[in-house]
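So the structure is just underneath, and the comments pick up after that.
The values are calculated or read from the model by the stated rules, or taken from the named source; none is laboratory data. Since we're looking at a predicted model, the values are computed, not measured. Every residue, glycine as well, gets a Cβ built from its backbone with ideal geometry; the counts of neighbours run over all protein chains shown. Protein only, heavy atoms only, side chains kept; ligands, DNA and RNA dropped before computing areas. Shrake-Rupley method; radii C 1.70, N 1.55, O 1.52, S 1.80 Å.
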Amino acid sequence: MQKIVIFPFLRMRSGHHLVAEAIAERLQGPDVEVKEVELLSTISPFAEWVTSKFYLNWIRHFSNGYSRFYHRHIAGRSSNARSKGWTSHYFQQQMLRIIRTEQPDVIICTHAFPSYLLNQLKERNLCDIPVINAYTDLFVSRVWGKTHIEYHLLPNREARRELHEHHAVPEERLFVTGIPVHPAISGGSIIRSTQSRKQILVAGGNGGLGQLETLLTQIEQCAEADFHVLCGNNQTLYKRLATRRHPHIHPLAYIDSRDEMNQLYERMDAIVTKPGGVTVSEAFEKRVPLFIQHVLPGQEEINRTYLMEKGLAFSFNQTDSLADVIRRTLENPDVMHAWQQAVMQYQNDRVMADQRFFAERIAGCLQDRRQKANG
């Protein structure tokens with residue numbers, strides 16, 4: 001039995017975990033164990049809890065400050081120079097301890113911080129286990145390990161160009177796969193429903209973050225369409241919508257099943273959401289138009305810029321009537337054709353991860369480890 005360990009970061013539900021689950025679903029087999037290991041809670045559950053609370057409160061109450069910090073210290077280009085700080089050294093030692101305990105044959109990172117630590121360990125010749133980065137946003141931040149990572153599952157060709165041209169990562173290590181989605185999310189049609197009432201999914205209310213009040217007011221005033229609101233674990237939002245009983249607003253509690261999410265996507269004509277990487281990738285897979293009403297500071301701001309520049313999503317603001325937005329986009333054949341072309345171009349840039357990467361590269365990594373163990 002061989003073992004693959006996937007490293008997300010923090011225990012709160014996020015795109016890092018969804019990508020980890022999508023990859024695990026593709027790789028799990030009779031001779032392969034796939035295990036998720038959250039770095040910080042493994043070191044200290046209390047430290048993980050404090051970090052999660054701090055992060056959420058920082059975004060909620062000091063969003064402008066977080067945005068400036070992210071763009072200055074996390075986004076953008078770096079040389080991945082070796083860190084000599086005591087915090088980096090401490091976490092590197094903890095990562096080594098986890099590796100010795102888990103004894104994986106392959107490591108996959110769905111968050112930048114574990115990737116950064118592993119890159120440093122490899123630079124110091126302290127880790128010879130193959131490491132794969134699976135990116136969860138539409139760009140590569142400066143924190144990700146780059147130069148010593150064996151393979152990179154990249155969101156788009158711009159990210160591939162960044163790693164090759166500015167970090168000298170060999171082309172044979174770079175694969176444009178798109179952001180991995182669960183295999184249950186598949187089979188989207190480029191032709192949407194011709195039903196008279198548009199069915200629109202509203203996502204992004206799970207954590208209570210974002211400017212929901214303005215959006216909910218706009219939804220209440222747009223009786224021309226049916227809105228299905230994903231409330232996730234936000235019980236306050238769910239009860240509020242259920243109590244008001246608007247005939248065209250349908251609150252949905254947390255949906256854990258990816259098969260159920262796939263069926264929901266099948267019925268939708270559009271998604272109103274924040275530009276999280278996994279949601280965006282799932283919408284592309286299902287060929288459902290995206291509307292961006294609000295973004296969280298940091299990576300979602302960069303994701304939105306990419307989507308807008310490529311014509312992959314639509315935006316609207318507080319002064320827009322949703323009825324007008326629907327008419328000028330979903331009911332406009334020229335606009336829909338241009339969007340369809342943009343999505344097909346984005347999808348055509350990919351190398352299908354399940355067909356080429358997982359079948360060849362990870363199997364090759366496992367075979368190399370098996371031979372080393374036997375030889």
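Applying the Karplus relation 6.51 cos²θ - 1.76 cosθ + 1.60 with θ = phi - 60° to the stretch 170-186 yields 3J(HN,Hα) values of x, 4, 5, 9, 10, 10, 7, 10, x, 6, x, 10, 4, x, 6, 8, 7 Hz, where x marks Gly and Pro. Surface composition of the chain: carbon plus sulfur atoms contribute 48% of the solvent-accessible area (1.4 Å probe, protein chains only, all chains present). What residues from the stretch 25-49 fall in the zone where the backbone N is under 20 Å from a label point 7 Å along the Cα-to-C-beta line of Gln93? The answer is 39-48, whose backbone nitrogens lie closer than 20 Å to the label point. Surface listing: Arg161, Arg11, Arg124 arranged by accessible area from highest to lowest gives Arg11, Arg161, Arg124, probe 1.4 Å. Springs between alpha-carbon pairs under 10 angstrom, Gaussian network model over the chain: which of Val34, Val278, Val325 fluctuates most? Fluctuation is largest for Val325. Only helices enter the 222 nm calculation for the chain: every DSSP H run of n ≥ 4 contributes -39,500 (n - 2.57), and dividing by all residues gives -14000 deg cm²/dmol, rounded to 500. Here, P(r) means the percent of Cα pairs in each 5 Å bin from 0 to the largest distance; for the stretch 1-159 it is 2, 9, 16, 22, 22, 17, 9, 3, 1, 0. Normalised per residue, the accessible area of the chain is 47 Å², obtained with a 1.4 Å probe and no contribution from ligands, DNA or RNA. Comparing Leu118, Ser196, Ala184 along the charge dipole axis of the chain, the residue lying farthest to the positive side is Leu118, per the Cβ-charge model. Rounded to the nearest 10 square angstrom, Phe113 shows an accessible area of 50 square angstrom against a 1.4 Å probe. Bridges between two residues of the stretch 1-122, per DSSP, are antiparallel at a rate of about 10%. Pairs over the 28 Å Cα-Cα cut-off, from the set Lys239/Lys310; Lys53/Lys239; Lys198/Lys310; Lys53/Lys274; Lys122/Lys274: Lys239/Lys310; Lys122/Lys274.
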